[in-house]
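The values are calculated or read from the model by the stated rules, or taken from the named source; none is laboratory data. Fair warning: this is a prediction, and the values are worked out from it, not measured in the lab. We place every Cβ from the backbone using ideal geometry, glycine too, and count neighbours over all the protein chains shown. The accessibility values were calculated without ligands, DNA or RNA, using every heavy atom of the protein model including side chains. Shrake-Rupley method; radii C 1.70, N 1.55, O 1.52, S 1.80 Å.
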Amino acid sequence: MIAAEQLLQSLNEEQRQAVLHQGSDSLILAGAGSGKTRVLTTKIAYLLSQGVPPSRILALTFTNKAAGEMRERIGAMVGSELSKMLQMGTFHSVFARWLRQFGHRLGYTSDYTIYDATDSRTLVKVIIREMQLDDKRYKPNNIQSLISAAKNDGISPNEISSPKLDKLPVIYSEYEARCKRANAMDFDDLLLNTHRLLKNDEEVARVMRQRFSHILVDEYQDTNLVQDQIIRLLKGEDTEITVVGDDAQSIYSFRGAVLDNILHFQSHFPDTRLFKLTKNYRSTANIVGLANSLIEKNQFRIPKEVEAVAGEGEKPTLFKAFSGSAEAEMIVLQIRELIRQKVSPDEIAVLYRTNAQSRVIEEQCRNAGINYRIYGGTSFYDRKEIKDILAYLRLMTNDRDDEAFRRIYNVPARGIGQVTFDKIAALAEQHQVPLMQAALRTDLLSAELNKGALKKVADFTTLIDGLSSQKDQLSPEELVRLVIRQTGINTLYQDGSIDSESRLDNMEELLSAVADYVDTRIKETGDTPTIEDFVRDMALYTDRDQQEDDTPRVTLMTMHASKGLEYRHVFCTGIEEGIIPSQRSWTPQDIEEERRLLYVAITRAKEHCTLSYADTRRLHGLQEICAPSRFLLDLTPKYLHDLSGLFGQGTREIPRQRPPIERPQPIPTPTRRRLKPLPPEPTTGPRVVTDTSSDTDLRAGDRVSHQAFGDGTIQGFEDSISGTKVHIIFDSGKDAKFILKFAKLTPIRPK
């Protein structure tokens, strides 16, 4: 074991004080890049060096990776034998072990089963079906998410309510009963049942309070209500609690994280000593200064001023582009230049607010021959909803495409089950014809299927034929919009969940991808491409995706996924109103979390950070005018190399001298006239939309008030995949469009 003084040698004075503190609880507020993991692991190693038995130390993390890295570091300091004896792991893994020991007191045996997300969703689906509820109203994914959120907040079935889902309490109650009957717990139960034990079973609570003399928790800003309550319940008379975190990096409220847990920690544990780690070892002074100038605009925070240790460095760059596509091209040009200067692609990251934004970056990387990876996600054209739509397009343009048929014959669900499909497949095999041709042979299928199944198959083939008949009358953009509308594939994602909203965003981005593709082909060849061209070239895109290997790659990821990572060069893209902050963020708390998200993105950069925005961006297949994010105006100009003109320094373009980007040679196609974008579904009379959140009828010409932009006048409405969009011109002159159900508009009634 390393001597205690040796353990402390590598620490600065702030870190040293936090490690040495004993006698009361402590809150270690660790700024970005300030070495919080080093402090946490050194504190545990120091306690062991002072004779604290490893069995008396509990260390809780959020990921198995973090727990493994901490145990490895501690083992290097004190020896692997001691580190193995520590009670260390994720909240879920540690509590799962405790429930093996004490679960019988809640009616479970020690060999209980843990349900994963798929198991949970299947059980919810069964309950909804058995209760004969409408699964379009009571969508299993949505119901599962609501139950999970309730458990994270410690809400029981008799405490939950939903005006639009009156059967939710009954479903939740039955779900709990079925799990109990099956001797099973889901992931949320591992937390909730531990809380129930500690709260309601005094004997278990007493045993657990006496078991640990030191409890240490990492990333405390990410804890939910139940996790915070468990820590409070574990606090014994002689227990010292140490939590480490950063309120400025709290970005997971959508997962149940509660910022107040860290903000109010000192009020929950009155004798707490606060330590601030303010020395940033990751980023240069200009990057740290820029990030500080942003986050200090938040009101809900514990003030701290982070300082850089690494020197002044280059100023971060801010540039604007004419369009989203131009922004992506300019970023990739800079990446090519960095790689030419021998910067490893592994040291470069491109960050964006939503998954849909990756599409234009991916395409530019492919065109430039730059290897990349999607971190923590899926390449745009490999996402399920995109592959489903492309499968429809493939089958429309080639009715012999069996794999396309196989993928979407029952997507969305149309009652064509596996038995029916097997009969179609058997007929196709018998007559050596494609599946689509077999499905059209109702005369032969009638001997195998009942009238109901035959009608469902006929409805599907009629749908495909109808769509196929339009492919020579409509432009590719119009045709894709028609496919989404007529197949109802967007209705699969109407439950309001974060995942569903992301998938709807991806569908809208596909419309933009088609429009961009058409524009590019017209510029390159003078001809308007067909839908067959688009389908073929998108297949080439996915085929060119490379399997992960040891090849250095540029990392593309969402800002959320970037937390905890670092790169020499970071590009933060799409810094525009409606993107960051998101158009779904209207409360002061929502806006502040979005600001923290940008703070996290900026502080991933070690040497250079580039921020960018566009004047226009292709959204929903149409080019729309964009405004720079309000967060850009929070930044202190002295830390920026402003090429955008936003701070009055004059607009300059990023240098573009470089070798030409190699593009695949297009295949000549017949000239076709380009049609206008597909209009919304026809309506009669004045357009009236009911905002279901307020039950208020809104019409063009109505005056409304918006929380962020003030008063304005409604210009009109249009359909989009995410729901009805409202167009408003505000008294300030701002011209904006919003998804109506998220806009939270207040009508201004004439006096």
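The residue that is most open to solvent (accessible area, probe 1.4 Å), counting only those in the range 181-191 that are of a type in the set (D, E, K, R) and modelled with pLDDT of 90 or more, is ASP188. For the condition touching a residue at least 24 places away in the same chain (Cβ under 8 Å), closer than 22 Å to VAL360 by Cα and part of a helix (DSSP H, G or I), ASP505 qualifies.
Would you pick out the residues in the range 1-25 that are of a type in the set (A, V, I, L, M) and either part of a loop (DSSP other than H, G, I, E, B) or over 22 Å from SER80 (Cβ atoms) (or both)? The answer is MET1, ILE2, ALA3, LEU11, ALA18, LEU20. Quick one: would you say THR317 is buried (at least 17 other Cβ atoms within 10 Å of the Cβ), modelled with pLDDT of 95 or more and closer than 23 Å to GLU14 by Cβ? No; evaluated as a whole, the condition is false for this residue.
Restricting the first member to the range 435-447 and to residues that are without any contact (Cβ under 8 Å) to a residue 60 or more places away in the chain, and the second to residues that are open to solvent by 10 Å² or more (accessible area, probe 1.4 Å) and part of a loop (DSSP other than H, G, I, E, B), the beta-carbon pairs closer than 6 Å and six or more apart or on different chains are MET436/ASP399. Within the range 344-360, take every residue that is at pLDDT 95 or above and open to solvent by less than 30 Å² (accessible area, probe 1.4 Å) and give me the one that is nearest to ILE579 (Cα to Cα). Here the answer is TYR352.
For the structure I just gave you, tell me whether ALA310 is of a type in the set (Gly, Ala, Ser), open to solvent by less than 70 Å² (accessible area, probe 1.4 Å) and farther than 20 Å from LEU598 by Cα. When the stated conditions are applied, ALA310 passes them. In this structure, ASN490 does not qualify as buried (at least 20 other Cβ atoms within 10 Å of the Cβ), within 16 Å of the chain's Cα centre (by Cα) and modelled with pLDDT of 85 or more.
In this entry, SER446 is excluded by the filter for residues that are out of contact with any Gly (no Cβ under 8 Å at 6 or more places or on another chain), under 20 Å from ASP388 (Cα atoms), hydroxyl-bearing (Ser, Thr, Tyr) and surrounded by fewer than 19 Cβ atoms within 10 Å (Cβ to Cβ). Residue count for the range 493-527 satisfying the condition of being of a type in the set (Val, Ile, Thr) and open to solvent by 30 Å² or more (accessible area, probe 1.4 Å): 4.
So that you can scan it fast, the table gives a plain yes or no per residue for (1) more than 35 Å from the chain's Cα centre (by Cα); (2) more than 29 Å from LYS139 (Cβ to Cβ); (3) at pLDDT 90 or above; (4) not in a helix (DSSP H, G or I):
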| site | (1), (2), (3), (4) |
| --- | --- |
| GLU403 | no, no, no, no |
| ARG407 | no, no, yes, no |
| GLU429 | yes, yes, no, no |
| VAL433 | yes, yes, no, yes |
| ALA439 | yes, no, yes, no |
| LEU444 | yes, yes, no, no |
| LEU449 | yes, no, no, yes |
| THR462 | yes, no, yes, no |
| ASP465 | yes, yes, yes, no |
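Selection of first residues in the range 285-302 that are more than 24 Å from LEU263 (Cβ to Cβ) and of second residues that are among the polar types (S, T, N, Q) and open to solvent by less than 10 Å² (accessible area, probe 1.4 Å), restricted to Cβ pairs under 8 Å at least 6 apart or on distinct chains, gives the following pairs, ordered by first then second residue: ILE287/THR603. Is at least one residue of the range 216-223 more than 15 Å from VAL94 (Cβ to Cβ), among the polar types (S, T, N, Q), in contact (Cβ under 8 Å) with a residue 60 or more places away in the chain and buried (at least 16 other Cβ atoms within 10 Å of the Cβ)? Within the range 216-223, not a single residue is more than 15 Å from VAL94 (Cβ to Cβ), among the polar types (S, T, N, Q), in contact (Cβ under 8 Å) with a residue 60 or more places away in the chain and buried (at least 16 other Cβ atoms within 10 Å of the Cβ). Only residues that are touching a Ser or Thr at 6+ places or on another chain (Cβ under 8 Å) and surrounded by fewer than 21 Cβ atoms within 10 Å (Cβ to Cβ) were counted in the range 363-373, giving 2. SER468 - would you say it is touching a helix residue (DSSP H, G or I) at 6+ places or on another chain (Cβ under 7 Å), under 30 Å from SER148 (Cα atoms) and hydroxyl-bearing (Ser, Thr, Tyr)? Spelling it out, it is not the case that SER468 is touching a helix residue (DSSP H, G or I) at 6+ places or on another chain (Cβ under 7 Å), under 30 Å from SER148 (Cα atoms) and hydroxyl-bearing (Ser, Thr, Tyr). Cβ-Cβ contacts under 6 Å between residues 6 or more apart (or on different chains), taken from a first residue in the range 154-165 that is on the phi > 0 side of the Ramachandran plot to a second residue that is outside any loop (DSSP other than H, G, I, E, B) and open to solvent by 40 Å² or more (accessible area, probe 1.4 Å), are listed as GLY154/LEU225.
Please determine whether any residue of the range 90-103 is in contact with a Lys or Arg (Cβ under 8 Å, 6 or more places away or on another chain) and surrounded by 16 or more Cβ atoms within 10 Å (Cβ to Cβ). No - not one qualifying residue is present in the range 90-103.
Among the residues making up the range 111-124, those that are assigned to a loop (DSSP other than H, G, I, E, B) and acidic (Asp, Glu) are ASP111, ASP116.
Matching residues to (1) open to solvent by 20 Å² or more (accessible area, probe 1.4 Å); (2) modelled with pLDDT under 95; (3) touching a His at 6+ places or on another chain (Cβ under 6 Å):
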{"position": "ASP590", "(1), (2), (3)": "yes, yes, no"}
{"position": "HIS608", "(1), (2), (3)": "yes, no, yes"}
{"position": "TYR613", "(1), (2), (3)": "no, no, no"}
{"position": "ILE625", "(1), (2), (3)": "yes, yes, no"}
{"position": "ARG656", "(1), (2), (3)": "yes, yes, no"}
{"position": "PRO664", "(1), (2), (3)": "yes, yes, no"}
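The helices (runs of 4 or more DSSP H) found wholly in the range 26-110 and carrying at least 1 residues that are among the hydroxyl-bearing types (Ser, Thr, Tyr) and either within 20 Å of HIS214 (Cα to Cα) or within 30 Å of the chain's Cα centre (by Cα) (or both) occupy 36-49, 80-84, 91-102.
Among the residues of the range 234-268, those that are of a type in the set (Asp, Glu) and touching an Asp or Glu at 6+ places or on another chain (Cβ under 9 Å) comprise GLU240, ASP246, ASP260. Looking only at residues of the range 409-427 that are part of a helix (DSSP H, G or I) and under 41 Å from the mean Cα position of the chain (by Cα), we find that the one that is surrounded by the most Cβ atoms within 10 Å (Cβ to Cβ) is ILE424.
Here VAL480 meets each of (1) buried (at least 20 other Cβ atoms within 10 Å of the Cβ); (2) at pLDDT 85 or above; (3) within 23 Å of the chain's Cα centre (by Cα) with one exception, condition (3).
Table: residues versus (1) at pLDDT 90 or above; (2) of a type in the set (Ser, Thr, Tyr); (3) closer than 20 Å to GLY256 by Cα.
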| residue | (1), (2), (3) |
| --- | --- |
| TYR112 | no, yes, no |
| ASP116 | no, no, yes |
| ILE127 | yes, no, no |
| ARG137 | no, no, no |
| ILE147 | yes, no, yes |
| LEU165 | no, no, no |
| SER173 | yes, yes, no |
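Among the residues of the range 508-534, those identified as part of a helix (DSSP H, G or I), more than 29 Å from PHE254 (Cβ to Cβ) and in contact (Cβ under 8 Å) with a residue 60 or more places away in the chain are VAL514, ALA515, ASP516, VAL518, ARG521, ILE522, GLU524, THR525, ILE531, GLU532, ASP533, PHE534. Of all residues in the range 197-212, those satisfying the criterion of being within 15 Å of ILE231 (Cβ to Cβ) and in contact with a helix residue (DSSP H, G or I) (Cβ under 7 Å, 6 or more places away or on another chain) are LEU197, LEU198, LYS199, ALA205, MET208, ARG209, PHE212.
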